[in-house]
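One structure is given below, encoded as structure tokens.
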Protein chains: 2
Amino acid sequence: MSNTTQYKLVYFNLRTLGEPIRMLFKYMQIQFEDVRIDPAEWQGQVRTSCKWLKVPELHTTDSNGKTYCLTQTSAICRYLANSYPTFELMPTDPLDQARCDMIVDAVQDFRMRMKPYIVAKYFDPEGCSKLSQLKKELLDDEFWIYLKNMDQILEEERGDFICGEKVRWADFFLANFTAIWEEIFDDENLLKAYENLKKQQQAVESLPKIQEWIKQREYTKI
Amino acid sequence: MSNTTQYKLVYFNLRTLGEPIRMLFKYMQIQFEDVRIDPAEWQGQVRTSCKWLKVPELHTTDSNGKTYCLTQTSAICRYLANSYPTFELMPTDPLDQARCDMIVDAVQDFRMRMKPYIVAKYFDPEGCSKLSQLKKELLDDEFWIYLKNMDQILEEERGDFICGEKVRWADFFLANFTAIWEEIFDDENLLKAYENLKKQQQAVESLPKIQEWIKQREYTKI
């Protein structure tokens, strides 16, 4: 992977699945074109112009002009982590890699279950009436199990990050989503009982390059 | 990772998300306890005995008696591939890793969309009436895009497998699901226009250890 590779990230003007990739670029100080689609424009031509009919997409152009189109957030994050090994964002220990993978996939699982709540809250003008019931269903069941287990993985490591003292690719992913969850459930104490998760989020947000980026980026609700 | 590590895989008596892990064990000739839950027993105590309230779970016990519980199919597959590097199941090239990751995540995406169809077909006594409509919805839209893009990734490599001539961890995952798709859509020509996908499936099924396992395993519908 040469330093002359050019990157174009295509995603909505939201944090959700684009932000972990943006954070990785910002952390490594790698230039990228940050193309943001208005969700209102998503259907029709914009959607069909995407190879997999979905975003994020990362378009790469290497120094020979060869292009490639990558899809899937976690695949793109791993690709960037593997492409710049000097940052040590991909753990070498198999169990550490599994810790990253399990947390990212668990967040993705929970995100799928959360979809009706997010649609009702942000995209459905009549959604408000269903909101408290949907929230109750989410919070009463799996959500605490997910938070507890992720907190326990962090506890095992006794460091601020998923795999201990060193930030890894999945840390950006996790911190992005715990911050979003606090906001969408309107509960700044959501992580109160999960100290390791809160500490992890703060540790990522305190990395100088990330701190700078958070100050600079346009705020979006999700 | 020592050869004396003991493994216990807990999953339903189905192929779906357990089978790629079973295939990896069989391919590498590593012993594991293959615990199979009857889906009818899933609710209640069996479900709550699982740490994340879900399966597959892989329980490992190392030579010092230290245990660990892993979750998420693709995390478990990567963990096994990374734990036994002599089999070269994890590619070293970042783009090859991304090819594996993108295909596995795309299959997972499509699996989520397929859920209503699978529930109607196998788990809902009154589901038959909805079946053809659900199938039409699935096949009319994204499915062909997914198949076409996965086929194209295989085409790029001009080998039988995702990353060319060498079988990788994600090949077991992909071949398992294309075989299941042919069965659940009752269409043995489903992959007819996607030659590279069919060749990949046959190449995985022709690996001597996998061929042996397919003959020996109990048949399950999904």
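Would you mind stating whether A:R99 is in contact with a Pro (Cβ under 9 Å, 6 or more places away or on another chain) and more than 25 Å from A:Q29 (Cα to Cα)?
Yes: the conditions hold for A:R99.
So B:S49 fits all but one of (1) more than 9 Å from chain A (Cβ to nearest Cβ); (2) in contact (Cβ under 8 Å) with a residue 12 or more places away in the chain; (3) within 27 Å of A:D140 (Cα to Cα); what number is the exception?
Every listed condition holds for B:S49 apart from (2).
Sort through B:Q216, B:Q200 and tell me the only one that's loosely packed, with under 13 Cβ neighbours inside 10 Å and not hydroxyl-bearing (S, T, Y).
Checking each option against the conditions leaves just B:Q216.
Regarding A:D34, is this residue in contact (Cβ under 8 Å) with a residue 24 or more places away in the chain, in a strand (DSSP E or B) and either surrounded by fewer than 18 Cβ atoms within 10 Å (Cβ to Cβ) or of a type outside the set (S, T, N, Q) (or both)? So that I can check it myself, show each step before the final result.
Numbers: in contact (Cβ under 8 Å) with a residue 24 or more places away in the chain: yes; in a strand (DSSP E or B): yes; either surrounded by fewer than 18 Cβ atoms within 10 Å (Cβ to Cβ) or of a type outside the set (S, T, N, Q) (or both): yes.
So A:D34 passes the test.
Return the total of residues in the stretch B:13-31 being surrounded by 15 or more Cβ atoms within 10 Å (Cβ to Cβ) and closer than 18 Å to B:K54 by Cβ.
Total meeting the criteria: 9.
Kindly indicate which of B:G127, B:G159 is within 25 Å of B:Y194 (Cβ to Cβ) and more than 8 Å from chain A (Cβ to nearest Cβ).
Working: B:G127 fails: within 25 Å of B:Y194 (Cβ to Cβ).
Unique residue meeting the criteria: B:G159.
In this structure, is A:V10 crowded, with 18+ Cβ neighbours inside 10 Å and either in a strand (DSSP E or B) or within 11 Å of chain B (Cβ to nearest Cβ) (or both)? Before you say what the answer is, go through the steps one by one.
Numbers: crowded, with 18+ Cβ neighbours inside 10 Å: yes; either in a strand (DSSP E or B) or within 11 Å of chain B (Cβ to nearest Cβ) (or both): yes.
Yes; evaluated as a whole, the condition is true for this residue.
If you check B:E137 against the conditions, is it more than 19 Å from B:A81 (Cα to Cα), part of a loop (DSSP other than H, G, I, E, B) and away from chain A (no Cβ under 14 Å)? Step through it out loud before you land on a result.
Numbers: more than 19 Å from B:A81 (Cα to Cα): yes; part of a loop (DSSP other than H, G, I, E, B): no; away from chain A (no Cβ under 14 Å): yes.
Taking the combined requirement at face value, the residue does not satisfy it.
With the checklist (1) closer than 30 Å to A:D62 by Cβ; (2) among the hydrophobic types (A, V, I, L, M, F, W, C); (3) surrounded by fewer than 21 Cβ atoms within 10 Å (Cβ to Cβ) in hand, flag the one item B:M102 doesn't pass.
B:M102 satisfies all of (1) closer than 30 Å to A:D62 by Cβ; (2) among the hydrophobic types (A, V, I, L, M, F, W, C); (3) surrounded by fewer than 21 Cβ atoms within 10 Å (Cβ to Cβ) except (3).
When the residues of the stretch A:63-78 are narrowed to those that are more than 8 Å from chain B (Cβ to nearest Cβ) and under 23 Å from A:L197 (Cα atoms), which ends up surrounded by the most Cβ atoms within 10 Å (Cβ to Cβ)?
Within the stretch A:63-78, the match that is surrounded by the most Cβ atoms within 10 Å (Cβ to Cβ) is A:C77.
Check whether at least one residue in the stretch B:160-180 is farther than 20 Å from A:C50 by Cβ and modelled with pLDDT under 90, and report yes or no.
No - not one qualifying residue is present in the stretch B:160-180.
With the requirement that a residue be away from every other protein chain (no Cβ under 11 Å) and either surrounded by 13 or more Cβ atoms within 10 Å (Cβ to Cβ) or not in a helix (DSSP H, G or I) (or both), what does the stretch A:112-124 give you? Break it down stepwise before answering.
Residues of the stretch A:112-124 that are away from every other protein chain (no Cβ under 11 Å), as a first pass: A:114, A:116-124.
Scanning the stretch A:112-124 gives A:M114, A:P116, A:Y117, A:I118, A:V119, A:A120, A:K121, A:Y122, A:D124.
With the requirement that a residue be among the β-branched types (V, I, T), in contact with a Leu (Cβ under 7 Å, 6 or more places away or on another chain) and part of a helix (DSSP H, G or I), what does the stretch A:160-201 give you? Please lay out each step first, then the result.
Pass one, the stretch A:160-201, residues among the β-branched types (V, I, T): A:162, A:167, A:178, A:180, A:184.
Applying the additional criterion that residues be in contact with a Leu (Cβ under 7 Å, 6 or more places away or on another chain) yields A:162, A:167, A:178.
The one that is among the β-branched types (V, I, T), in contact with a Leu (Cβ under 7 Å, 6 or more places away or on another chain) and part of a helix (DSSP H, G or I): A:T178.
Checking the structure you have, find out if any residue of the stretch B:176-183 is touching a helix residue (DSSP H, G or I) at 6+ places or on another chain (Cβ under 7 Å) and farther than 27 Å from B:W213 by Cα.
No, that holds for no residue.
Kindly evaluate B:S132 against the criterion of being among the hydroxyl-bearing types (S, T, Y) and either closer than 26 Å to B:V35 by Cβ or within 7 Å of chain A (Cβ to nearest Cβ) (or both).
No, not satisfied.
Table: residues versus (1) modelled with pLDDT under 95; (2) more than 20 Å from the chain's Cα centre (by Cα); (3) outside the structural domain of B:K192 (by TED's automatic domain parsing).
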residue	(1), (2), (3)
B:K51	yes, yes, yes
B:P56	no, no, yes
B:T67	no, yes, yes
B:T71	no, no, yes
B:P116	yes, no, no
B:C128	yes, yes, no
B:S132	yes, yes, no
B:F143	yes, no, no
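So which pairs qualify, if the first residue must be in the stretch A:79-107 and more than 8 Å from chain B (Cβ to nearest Cβ) and of a type in the set (F, W, Y), the second must be part of a helix (DSSP H, G or I) and buried (at least 21 other Cβ atoms within 10 Å of the Cβ), the Cβ gap must be under 6 Å, and the two must be at least 6 apart or on different chains?
Final answer for the pair search is none.
Cβ-Cβ under 7 Å, sequence separation 6+ or interchain: first residue in the stretch B:148-159 and surrounded by 14 or more Cβ atoms within 10 Å (Cβ to Cβ) and modelled with pLDDT of 95 or more, partner part of a helix (DSSP H, G or I) and β-branched (V, I, T). Which pairs?
Pairs found: B:M150/B:I103; B:I153/B:I103.
The values are calculated or read from the model by the stated rules, or taken from the named source; none is laboratory data. Bear in mind that the values here come from a model prediction, so they are computed numbers and not experimental data. Using ideal geometry, Cβ is built from the backbone for each residue, glycine included, and neighbour counts are taken over all protein chains shown.
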